[in-house]
1. For residue 94, all conditions in the list (1) modelled with pLDDT of 90 or more; (2) in contact with a helix residue (DSSP H, G or I) (Cβ under 7 Å, 6 or more places away or on another chain); (3) assigned to a helix (DSSP H, G or I) hold save one; what is the number of the exception?
2. Please determine whether any residue of segment 30-51 is in contact with a helix residue (DSSP H, G or I) (Cβ under 9 Å, 6 or more places away or on another chain), touching a residue at least 60 places away in the same chain (Cβ under 8 Å) and within 20 Å of residue 86 (Cβ to Cβ).
3. Among the numbered conditions (1) closer than 19 Å to residue 16 by Cα; (2) in a helix (DSSP H, G or I); (3) under 13 Å from the mean Cα position of the chain (by Cα), tell me where residue 56 comes up short.
4. Report yes if some residue within segment 83-91 is part of a loop (DSSP other than H, G, I, E, B) and either in contact with a helix residue (DSSP H, G or I) (Cβ under 7 Å, 6 or more places away or on another chain) or without any contact (Cβ under 8 Å) to a residue 40 or more places away in the chain (or both); otherwise report no.
5. Can you tell me how many residues within segment 40-80 are surrounded by 13 or more Cβ atoms within 10 Å (Cβ to Cβ) and farther than 14 Å from residue 91 by Cβ?
6. Do any residues in segment 58-81 that are more than 18 Å from residue 30 (Cα to Cα) have Cβ atoms under 8 Å from those of residues that are surrounded by fewer than 14 Cβ atoms within 10 Å (Cβ to Cβ), where the two are at least six apart or on different chains, and which pairs are they?
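The values are calculated or read from the model by the stated rules, or taken from the named source; none is laboratory data. Nothing here was measured: the structure is a model prediction, and the numbers come from that model. Please note: Cβ atoms are built from the backbone with ideal geometry, for glycine as well, and neighbour counts cover all protein chains shown.
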C-alpha cells in the first residue's frame, strides 16, 4: 500500500521538531539494513531523506541523480554497496549524525 501524503507530512512535521525522532528513524533504518531487512531499511531511509535533507540536496551532495536515488530506495530498488556507501556518508555529513556500531 503506498504511503499517503498525510503520513509523509506527519513524519516530516515530527522530524522537523524532534531531533531524537530523526536520530531514531535513521538508527532504525541502519539496524534494519544490518539485520538484512532491506525492504524496511530502504523505506525508512527514503522517509528519513524526505523528512530531512530531501532528494534534491542529496543529489547535489552525492553527484547521483535524484531519480536514481529515489529508485535505489524504492521497494524494488537494489542499491549496490558502491552507491549505498556515498548515500549514507552524505546523510551523515548533512545531518551531523554519527552512527555508532555495537557488537553484541
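1. So residue 94 meets the others, but not (1).
2. There is at least one residue in segment 30-51 that is in contact with a helix residue (DSSP H, G or I) (Cβ under 9 Å, 6 or more places away or on another chain), touching a residue at least 60 places away in the same chain (Cβ under 8 Å) and within 20 Å of residue 86 (Cβ to Cβ).
3. So residue 56 meets the others, but not (3).
4. Checking segment 83-91: not a single residue is part of a loop (DSSP other than H, G, I, E, B) and either in contact with a helix residue (DSSP H, G or I) (Cβ under 7 Å, 6 or more places away or on another chain) or without any contact (Cβ under 8 Å) to a residue 40 or more places away in the chain (or both).
5. 8
6. Note: pairs meeting the criteria are 59/65; 61/93; 66/56.
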